[in-house]
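The values are calculated or read from the model by the stated rules, or taken from the named source; none is laboratory data. Please read all numbers here as calculations on a predicted model, not as lab measurements. No Cβ is skipped: glycine too gets one built from the backbone with ideal geometry, and neighbour counts run over all protein chains shown.
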Amino acid sequence: MIKVGLVGEDPNDTLSIKNLLEQRYKAKVKFYQLAKRIKGFQLDNPKIRKSLPIEFADKKCKFIVYIRDLDAFKSEDTKLRAKVKWFKDLDAFVNKEGVLLLNIWELEALILGDIDTFNKLYNVNHKFTKDPMFQKEPKELLKKITAKEKKQYKENNCPKLFEHLDIDQIENKCKFFKNFLQEFDAKIG
């Protein structure tokens, strides 16, 4: 069993990705949420450089998946370079084997990759055919779609929602996620 650490901007993000990835990798990979108390821009704090290698070694992980939101389009080079630099700098303190899952706007873009499951769970009928990486502010879109419904989308719903999403469908519709999975597959062999 390969042990992989997960680091993200929020425990909901790491748990959501864990739930999604376990659909495909549960028999081969054990995922561990690392740096659970760190949120948002605290990931940029130098203190994580000391604590993360300790947690990584304690859990005996092979590598870490770093989950960040770009909060911009991929064409915004300055923001993209800053996130990639953050990833490389932090991963250098661990083992330089990590993988970056950079959500173009937010984690919620992945939900748009399987809009049918979202529609069923929230009893709505939203059509979404674009590449989710081009949807600005997907979280706000999901909230708008369910604003008048009995069950409304909230960020805290993500871990449970991601258990139901179809990883294959998301891979087919989200180019950035497909690229991430290819790199992840190469790491686990």
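Right, Gly98: among the small types (Gly, Ala, Ser) and in contact with a Lys or Arg (Cβ under 6 Å, 6 or more places away or on another chain) or not? The answer is no for Gly98. Checked against (1) under 29 Å from Lys139 (Cα atoms); (2) assigned to a helix (DSSP H, G or I); (3) out of contact with any Pro (no Cβ under 8 Å at 6 or more places or on another chain), Phe31 passes all but a single condition, namely (2).
Residues in the stretch 36-82 that are modelled with pLDDT under 85, surrounded by 14 or more Cβ atoms within 10 Å (Cβ to Cβ) and not in a loop (DSSP other than H, G, I, E, B): Leu43 alone.
Among the candidates Glu140, Glu163, which residue alone is within 21 Å of Arg68 (Cα to Cα), touching a residue at least 12 places away in the same chain (Cβ under 8 Å) and surrounded by fewer than 21 Cβ atoms within 10 Å (Cβ to Cβ)? Before the answer, list the steps.
On the way: Glu140 fails: touching a residue at least 12 places away in the same chain (Cβ under 8 Å).
Answer to the selection: Glu163.
Quick check on my filter: what residues within the stretch 63-87 are closer than 20 Å to Glu137 by Cβ and touching a residue at least 40 places away in the same chain (Cβ under 8 Å)? Result: Ile67, Arg68, Asp69, Phe73, Lys74.
Pairs meeting the criteria (first residue in the stretch 40-62 and hydrophobic (A, V, I, L, M, F, W, C), second residue part of a helix (DSSP H, G or I) and at pLDDT 90 or above, beta carbons under 8 Å, at least 6 apart or on different chains) are Leu43/Trp86; Leu43/Leu90; Ile48/Leu90; Leu52/Leu90.
Which one of Gln152, Gln42 is of a type outside the set (Val, Ile, Thr), farther than 18 Å from Lys173 by Cβ and touching a Ser or Thr at 6+ places or on another chain (Cβ under 6 Å)?
On the way: Gln42 fails: touching a Ser or Thr at 6+ places or on another chain (Cβ under 6 Å).
Matching residue, one of Gln152, Gln42: Gln152.
Closer than 18 Å to Asn157 by Cα and not in a helix (DSSP H, G or I), is that true of Glu22? Explain how you work it out, then say what you get.
On the way: closer than 18 Å to Asn157 by Cα: yes; not in a helix (DSSP H, G or I): no.
No, not satisfied.
Taken across the stretch 120-141, residues that are part of a helix (DSSP H, G or I), charged (D, E, K, R), within 21 Å of the chain's Cα centre (by Cα) and not assigned by TED's automatic domain parsing to the domain that holds Asp71 do occur, with at least one present. Is it the case that Phe177 is assigned to a helix (DSSP H, G or I) and in contact with a Ser or Thr (Cβ under 7 Å, 6 or more places away or on another chain)? Here the answer is no, as Phe177 does not meet what is asked.
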